[in-house]
1. Nothing charged except the Cβ atoms of Lys and Arg (+1) and of Asp and Glu (-1): what's the magnitude of the dipole of the stretch 101-250 about its Cα centre? Round to the nearest 20 debye.
2. Please tell me which of these pairs span more than 29 angstrom C-alpha to C-alpha: K196/K272; K159/K240; K272/K504; K36/K152?
3. Once R0 is set to 30 Å, what does the formula 1/(1 + (r/R0)^6) return for the Cβ-Cβ distance between F237 and H284, expressed as a FRET efficiency to the nearest 0.05?
4. Do any GluC sites (Glu not before Pro) in the stretch 148-254 lie in a DSSP loop with no more than 13 other beta carbon atoms within 10 Å, and if so, which?
5. Considering the stretch 44-197, what Rg and Dmax in Å follow from its alpha-carbon atoms?
6. Would you mind calculating the relative contact order of the stretch 205-286 from Cα pairs under 8 angstrom and at least 6 residues apart, reporting the percent as a whole number?
7. For Cα pairs less than 8 Å apart in space and 6+ apart in sequence, what is the mean separation divided by the residue count of the stretch 90-146, i.e. the relative contact order in percent?
8. Put a dot 7 Å past each Cα toward the Cβ at S456 and D440; how far apart are the dots in nm?
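The values are calculated or read from the model by the stated rules, or taken from the named source; none is laboratory data. Remember, predicted model here, so these are calculated numbers, not experimental data. Counting neighbours? That spans all protein chains shown, and the Cβs are built from the backbone with ideal geometry, glycine included. For accessibility, only protein heavy atoms count, side chains too; no ligands or nucleic acids. Shrake-Rupley method; radii C 1.70, N 1.55, O 1.52, S 1.80 Å.
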Amino acid sequence: MIKLDTSFSLGSIIESNFLGISNDAEPDNVIVTLSKNMVTCFHMPSQNQVRCWSSSDKLSSEVIFDPISECYYGVFNYTRIGKWLRNSLTMKDMKKYNFSAKIIRLLTRLDFKGAIAVFENGHCECLYEAIGNRKKVRVSVINDGETIELTKLCILRTKAICIVVSVDSKNVKTLRSVPLEDTFLPINLQISFKNKTDILLGYCVRENSDSLSVLTFWSNGFLYSNELYAEFECNDFPGKRLTEISLVNSNKQVTIIQLSSDCIGLYGAEPKGCGAALVIYNFHYNMVVAVQHFKNYTDPPNLWCFGNHLLLVTGQNLAVIPFTCERNNLSLLMDNNLTKPNDEYEEIEWDVYAKEMCNDKKISTSALSQSKLNEITISDYIKKKDDKSLINLLMENNDITDNSLVEIISYCSLNTVKHSMLLVKIFAYPPLNKPACLRDKLSFENMLKILNALYSLIKDKLIEERLVDWMILLIDCSYQQILQSNDHNVLEFLIKVQEEINSKCDYVEAINNINNTMHVVKNKNVNRKKRDEPVNNLYKIETINLY
């Protein structure tokens, strides 16, 4: 499943001067943010600025990086392509290529050698060939009066295809495929609903190794999928209806991007209120598996995916959301609060006698789901005060429900010193999906005991993000009680926790800065052609001693 971590801000942006994020930049955890006349490279984990260039000419599209030549390429004022080296200090020495036709965008990807230039008329061509034939007249792909809205370079069955989506004066969108090799025929597909009443809110091209599909989200609240180059003819567009997405507003624009072969992200306004919501949908389970809410909704809702990070614009900030893909069982997904309630179904137990069978051999033959079996087994172990069996179960199973985790935490709160090993295993799990059950089943006094035990674990380790997440969750669950208690000792404890976490974070940031410095020094040594060349003493570092 997809797990969304806590978001953090990469920096403020000015929307009127912001072109976007380059996903086709350097692969080494570097993203490129673009304004109209400035290119800025950031190192994703540390958010430190790596490089920055400014130019008198205005950028008109995203910048790409060619790892073969180690050069950047950018389009300036639609008719000029600029090329500059990775280690350039300014853009004054960049090489310029003037074109007679307008260029909309440059496309590249890590698993494709070279780059593609997309022209205003929809023609797609290899960048190196386009530079060599700058004055060539190119055949138009789109109709007169249409403008290009989306371009994407896809790989289908090892062959490259460029997808171009254009829109006309009546806001009718048309998808065209432009094969870069002679393997496939071009496709011309109008993106419109057959009943002409539903409005298109968002779309994306979903790419797998052996299939290419167009995903569309409409004002009726449903998500559809239509496969391109299918072996058999499918239904009329928009194709197969997948599911209803009720967590975003069906009256405002939605941005859809592909995160993995099984998951997509939908970013739009919340159904009620002025906030925004990021929804993760899983094709394998055909359901929503995660959601993240934001206070501000920005129109249009810009969203990008870079490696295992989601980047989105919220208000005047560019927010970054790290996410991880974890294999999980369907029973855990069904237990979360993202599933839509349906009155037509009734929850029943398959085996009414299972709860009376607390012996492992009998319980394993029952017809309950694995998570239900674990709930029964955990309750039995807690009654027997069998910590060793609980630890083994937590190590061997990942199908543990929130209720079972809370039950174990409540049991450990009776004597945190005695059950310290058990608490370590509990805090190795991701924080709860439904924290309300923790607030209901754990008293404030016991909550403070667990917080103290967690604080001891944080002190003993360098820093672990999961421990910090658990600490934040526990404090959030008891926030009202902390305020109402007006206890000076509790306040001092929270200050200690804050100081401890801040000091650990400062230490990690210092180490990262040292590593970045060493990386820069190493690159300078590698790029040096001869050892006897003159070296600027201001940048010469002989040794770095680490203590």
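1. 420 debye
2. Over 29 Å apart, Cα to Cα: K272/K504.
3. That gives a FRET efficiency of 0.80.
4. Numbers: sites: E149, E181, E207, E227, E231, E233, E244; in loops: E181, E231, E233.
For GluC sites (Glu not before Pro) across the stretch 148-254 that sit outside H, G, I, E and B with at most 13 neighbouring Cβ atoms in 10 Å, the list reads E181, E231, E233.
5. 17.1, 56
6. 21 percent
7. Details: 64 pairs, mean separation 16.0, N = 57.
For the stretch 90-146, the relative contact order is 28 percent.
8. In this crude label model, D440 to S456 measures out at 3.0 nm.
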